[in-house]
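Just below is one structure, and these are the notes that go with it.
The values are calculated or read from the model by the stated rules, or taken from the named source; none is laboratory data. The structure presented is a predicted model; accordingly, all values stated were derived computationally and were not measured. Cβ placement follows ideal geometry from the backbone for every residue including glycine, while neighbour counts extend to all protein chains displayed.
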Amino acid sequence: MSIDTIIGLIALVALFAAEGFLPAYAGREQRLRHGAENLALAAMSAAVAAVAAPLLVLSVEYAAARDLGLCHALGLGWPACAALTFVLFDLWMYAWHRANHQVPFLWRFHRVHHTDPAMDSTTALRFHPGEILLSTLANCLVLMALGMSLGMLVLYKTVMVLVILFHHSNLDVPARLDARLRRIIVPPSMHRVHHSAVRAETDSNYGTVFSLWDRLFRSFRLRDDPEAIRFGIGAYDEAAWQRPLRLLRLPLEPNQSRTATGADGPVGAQS
């Protein structure tokens, strides 16, 4: 088990426990069942990730053996390369996340993550195995283009998992602390808007670790009444659709053009 996985599991347990004492949204009597369903799907995705992981290793080794990638081209040492690729890989994660909302085929898989009607820390791991496979294949190309080492990738993934667990969490974070964190990383106030059923809000706040990408590319959005946010996509959020085996089938269900108040799928994605 890798260090990022171990740290992620510890953080998940701590956040899930804290959510029980200091919830931002109260009245979640089914949080244990909800968490179990999300983690069951996460386990399936983790199995796919484990099978696909050798592709990441091969990509890194291939680039290193042939001096491919930005770090090799610039002749950067480990510290400078690690800092540069950390930032650029996070930019890539922003672009990939945005593509998952705008490309109909990718949205079919990514909407599994967004159909959770009660976002909490376990939602951070709720991804369809198909999305995990597609992202792994895409990441192989980015790793080679950047010249990242496995150590640099593990460093990024460790920080990433801590941030995404935090900003998906149902933890009641003081507004002043949230605002200060928002200057650098994506806090709960931003990501809760991203999980709103309202289309203009779902199509915003794509950042993974750093919040600056949303400001730079004009996808930053906040709400004055976060307590009123309705999570989901306006479809497939009924209890029957929260079962892991139903979620595995969701990419086969029709996409629909979304409205301003939130329905399903990107514009023009009807099928």
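Can you find, within the stretch 151-180, the residue that is surrounded by the most Cβ atoms within 10 Å (Cβ to Cβ) among those that are of a type in the set (K, R) and over 15 Å from the mean Cα position of the chain (by Cα)?
Checking each candidate, the answer is R180.
Whether any residue in the stretch 130-143 is of a type in the set (S, T, N, Q), buried (at least 22 other Cβ atoms within 10 Å of the Cβ) and not in a loop (DSSP other than H, G, I, E, B) is what I want to check.
No, the stretch 130-143 has no match at all.
So which residues in the stretch 250-271 are exposed (fewer than 12 other Cβ atoms within 10 Å of the Cβ) and at pLDDT 85 or above, if there are any at all?
Passing the criteria: L252, P254.
Among D116, D67, which is the only one that is assigned to a loop (DSSP other than H, G, I, E, B) and buried (at least 22 other Cβ atoms within 10 Å of the Cβ)? Let's see the steps before the verdict.
Working: D67 fails: buried (at least 22 other Cβ atoms within 10 Å of the Cβ).
Going through D116, D67 in turn, the sole match is D116.
Within the stretch 222-249, which residues are surrounded by 12 or more Cβ atoms within 10 Å (Cβ to Cβ), modelled with pLDDT of 90 or more, part of a loop (DSSP other than H, G, I, E, B) and not small (G, A, S)?
Listed by number, the residues that qualify are L222, R223, I229, R230, I233, Y236, R243.
Among the residues of the stretch 90-112, count how many are more than 14 Å from the chain's Cα centre (by Cα) and touching a residue at least 60 places away in the same chain (Cβ under 8 Å).
Step one: filter the stretch 90-112 for residues more than 14 Å from the chain's Cα centre (by Cα), giving 102-105, 108.
Remaining after also requiring touching a residue at least 60 places away in the same chain (Cβ under 8 Å): 102-104, 108.
Counting residues in the stretch 90-112 that are more than 14 Å from the chain's Cα centre (by Cα) and touching a residue at least 60 places away in the same chain (Cβ under 8 Å) gives 4.
Could you tell me how many of the residues in the stretch 23-61 are of a type in the set (D, E) and not in a helix (DSSP H, G or I)?
Result for the stretch 23-61: 1.
Do the conditions hold for G20, that is, is it exposed (fewer than 11 other Cβ atoms within 10 Å of the Cβ) and either out of contact with any Phe, Trp or Tyr (no Cβ under 8 Å at 6 or more places or on another chain) or in a loop (DSSP other than H, G, I, E, B) (or both)?
no
Any residue that is of a type outside the set (D, E, K, R) and closer than 18 Å to R246 by Cα - is there at least one of those in the stretch 132-145?
Scanning the stretch 132-145, I find at least one residue that is of a type outside the set (D, E, K, R) and closer than 18 Å to R246 by Cα, so the answer is yes.
Right, L76: of a type outside the set (V, I, T), without any contact (Cβ under 8 Å) to a residue 60 or more places away in the chain, in contact with a Leu (Cβ under 7 Å, 6 or more places away or on another chain) and outside any helix (DSSP H, G or I) or not?
On the way: of a type outside the set (V, I, T): yes; without any contact (Cβ under 8 Å) to a residue 60 or more places away in the chain: yes; in contact with a Leu (Cβ under 7 Å, 6 or more places away or on another chain): yes; outside any helix (DSSP H, G or I): yes.
Spelling it out, L76 is indeed of a type outside the set (V, I, T), without any contact (Cβ under 8 Å) to a residue 60 or more places away in the chain, in contact with a Leu (Cβ under 7 Å, 6 or more places away or on another chain) and outside any helix (DSSP H, G or I).
Would the stretch 46-69 turn up any residue that is among the β-branched types (V, I, T), at pLDDT 95 or above and under 25 Å from N205 (Cβ atoms)?
Checked against the condition, which is being among the β-branched types (V, I, T), at pLDDT 95 or above and under 25 Å from N205 (Cβ atoms), the stretch 46-69 yields no hits at all.
Can you find, within the stretch 181-194, the residue that is nearest to V159 (Cα to Cα) among those that are surrounded by fewer than 22 Cβ atoms within 10 Å (Cβ to Cβ) and not hydrophobic (A, V, I, L, M, F, W, C)?
Only one residue tops the list, namely P187.
Among the residues of the stretch 192-211, which ones are touching a residue at least 60 places away in the same chain (Cβ under 8 Å) and either touching a Phe, Trp or Tyr at 6+ places or on another chain (Cβ under 9 Å) or under 29 Å from M1 (Cβ atoms) (or both)?
Passing the criteria: R192, H195, S196, A197, Y206, G207, T208, V209, F210.
All but one of (1) modelled with pLDDT of 95 or more; (2) of a type in the set (G, A, S); (3) under 19 Å from T136 (Cα atoms); (4) over 18 Å from the mean Cα position of the chain (by Cα) hold for A42; which doesn't?
Here A42 clears every test but (4).
So for the stretch 47-63 (the condition being within 23 Å of the chain's Cα centre (by Cα), under 18 Å from L248 (Cβ atoms) and of a type in the set (S, T, Y)), does at least one residue qualify?
No, that holds for no residue.
D214 - would you say it is within 28 Å of M160 (Cβ to Cβ) and modelled with pLDDT under 95?
no
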